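The values are calculated or read from the model by the stated rules, or taken from the named source; none is laboratory data. The structure presented is a predicted model; accordingly, all values stated were derived computationally and were not measured. We place every Cβ from the backbone using ideal geometry, glycine too, and count neighbours over all the protein chains shown.
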């Protein structure tokens, strides 16, 4: 049965931070009030954009492509998520190149999560106002009203699987305790819900074994899992592997009575193994790259894997019994080839191609005939893809000599030295990659050089790199943020004149941007931060309970590591701030509450420098609505136009 895949993770202790000493009288980090009052919403409402800029951004945001595509069991229909309207909704396509039919609507983002093996229903997930407390619903392939599985206020219902006979939908929910997941299953015919497993912890369903046992995964930290066998009849829970190891695992059932396991436990990079008799035996070859995802088709005859080669994604296939490589049907050259689910007979499989200068196109592989048929093209209204630029993979030196990779998009023309915008990714354990990037194309089109670094702590470069910033170790590598600006000013100067450099980011990237403003004051000339924490202690105290354990494993414990967390908090160094700051935040953000932005704004008020906050009333941590995303991007461009291009 189809199951979601966990992605795994990575350690390097380097020179101590040279500029980490905090200012005297650093702020207390007691809990901040996360509630957003009506006067805050009115005071910080984002204003409309200047019409010409709004139109340019609108054109770029109209470049869209579907996602989450999955075939009907007979391979004749394709269901997918598409944000061609104001928010994402579920659509159906009745053949290659046919006109799509919209199946869901309204103001709430709705996504396809699975198709029943017998084709009788879809499972979709719907969220409200960016709260990240989604509910699950059944949807008939022909359309009609959504049929609730579970949608409870202030609780998350997360899809896990559909049974092979299509009789049951498995899901997990934190409706009993906010910081723990209960595993449920609902009988489709009667809507009767029953508890499958309930115990303290962040539990998920990893797979169903042939003997009827369930494979469960318990997340003990970010990228850290423990795997168990559950006998549903006796409720006996048997540890399999990962207990006490603090390693990452992703699991599914293989062709024989064995588990396939994706992990970096035995090497620097993630590799696929089979687990038998208590040991791991390699399935895929050893690479200096992560196998980041694997899928076993429902007949258990074929394994498809995605390999992350330095920010590019490659598709490889293997026989599920012999583990010998299988030929993949010929595909166009692409920056990323990403695999989707197969039909129940294993014959057809969805793939998405990111060509670099256009967003994803969707094809269907016919493994029997060895063909790849295009089904869905990307939308580029009134735009020529030839105007888009592709990034170059470059590096800059950290102060200890470590080369830091970065993707660089350069405009075809600008007044030298071109102003530069450095965008740090979120996570912090995410990864900037090649491929089509609407934000990069926007800034390049406006005459900026656009840069996305993969500082230490990013995924995709091995365990040492990924875990080098865990907890207080972040103090040793946080200077990668400042070193990006140092390199750009020196290496990209023209006729002795250094470029002006701005910094921006979302989530952890927003945190990095605020460090560029405060801890590394003077490194950047203007700052745009989105939904980032300004104080790591108050952030950990106020983030959603189900996320706290994961975030503590990454940032550190707010009690035990309190001094290091304050030493790493942007608000600690606010007296150093020099550059103008724009902050943007969703009012319903459960991950980084609005209070993080408000306390930074209040701390900066005595300095009298240009600072601005915009709060979006109907958004959470990720901007979902088309109109709000246009405002988010537009105000970022306007801020950098004002503060990087002005004489």
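Details
Yes or no, residue by residue, for (1) outside the structural domain of residue 262 (by TED's automatic domain parsing); (2) in contact with a strand residue (DSSP E or B) (Cβ under 8 Å, 6 or more places away or on another chain); (3) under 30 Å from residue 90 (Cβ atoms); (4) loosely packed, with under 15 Cβ neighbours inside 10 Å:
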site: 146; (1), (2), (3), (4): yes, yes, yes, no
site: 152; (1), (2), (3), (4): yes, yes, yes, yes
site: 156; (1), (2), (3), (4): yes, yes, yes, no
site: 183; (1), (2), (3), (4): yes, yes, yes, no
site: 194; (1), (2), (3), (4): yes, yes, yes, yes
site: 208; (1), (2), (3), (4): yes, yes, yes, no
site: 214; (1), (2), (3), (4): yes, yes, yes, no
site: 234; (1), (2), (3), (4): yes, no, no, yes
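- One residue alone among 533, 558 is touching a helix residue (DSSP H, G or I) at 6+ places or on another chain (Cβ under 8 Å), assigned to a loop (DSSP other than H, G, I, E, B) and surrounded by fewer than 24 Cβ atoms within 10 Å (Cβ to Cβ), and that residue is 558.
- Qualifying positions in the stretch 348-378 - buried (at least 19 other Cβ atoms within 10 Å of the Cβ), modelled with pLDDT of 95 or more and either part of a loop (DSSP other than H, G, I, E, B) or touching a helix residue (DSSP H, G or I) at 6+ places or on another chain (Cβ under 8 Å) (or both): 367
- The stretch 386-404 - residue that is exposed (fewer than 15 other Cβ atoms within 10 Å of the Cβ) and under 18 Å from residue 333 (Cβ atoms) and, of those, farthest from the chain's Cα centre (by Cα): 386
- Residue satisfying all of: in the stretch 405-427; surrounded by fewer than 22 Cβ atoms within 10 Å (Cβ to Cβ) and out of contact with any strand residue (DSSP E or B) (no Cβ under 6 Å at 6 or more places or on another chain); nearest to residue 462 (Cα to Cα) among these: 427
- Qualifying residue in the stretch 587-603 (condition: part of a strand (DSSP E or B), within 15 Å of residue 46 (Cα to Cα) and under 27 Å from the mean Cα position of the chain (by Cα)): no
- Checking each residue in the stretch 222-240 for being farther than 26 Å from residue 469 by Cβ and outside any strand (DSSP E or B) picks out 232, 233, 234, 235.
Yes/no per residue for (1) touching a strand residue (DSSP E or B) at 6+ places or on another chain (Cβ under 8 Å); (2) in the same structural domain as residue 408 (by TED's automatic domain parsing); (3) buried (at least 23 other Cβ atoms within 10 Å of the Cβ):
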{"site": "445", "(1), (2), (3)": "no, yes, no"}
{"site": "475", "(1), (2), (3)": "no, yes, no"}
{"site": "491", "(1), (2), (3)": "yes, yes, no"}
{"site": "496", "(1), (2), (3)": "no, yes, no"}
{"site": "513", "(1), (2), (3)": "yes, yes, yes"}
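- Set 69, 155, 180: member being under 26 Å from residue 343 (Cα atoms) and either part of a strand (DSSP E or B) or at pLDDT 95 or above (or both): 69
- Qualifying residue in the stretch 45-56 (condition: more than 30 Å from residue 383 (Cβ to Cβ), exposed (fewer than 13 other Cβ atoms within 10 Å of the Cβ) and at pLDDT 90 or above): yes
- Residue within the stretch 610-618 that is within 22 Å of residue 520 (Cα to Cα) and touching a helix residue (DSSP H, G or I) at 6+ places or on another chain (Cβ under 6 Å) present: yes
- Taken over the stretch 379-399, the criterion of being assigned to a loop (DSSP other than H, G, I, E, B) and either modelled with pLDDT under 90 or in contact with a strand residue (DSSP E or B) (Cβ under 6 Å, 6 or more places away or on another chain) (or both) is satisfied by 380, 381, 382, 383, 384, 389, 391, 398.
- Within the stretch 202-218, the set of residues being within 27 Å of residue 427 (Cα to Cα) and modelled with pLDDT under 95 comprises 206, 207.
- Matching entry among 596, 605 (being modelled with pLDDT under 95 and closer than 23 Å to residue 521 by Cα): 605
- Test: residue 505 is part of a helix (DSSP H, G or I) and within 16 Å of residue 612 (Cα to Cα): no
- Tally of residues being within 27 Å of the chain's Cα centre (by Cα) and either assigned to a strand (DSSP E or B) or over 18 Å from residue 468 (Cα atoms) (or both) across the stretch 412-434: 7
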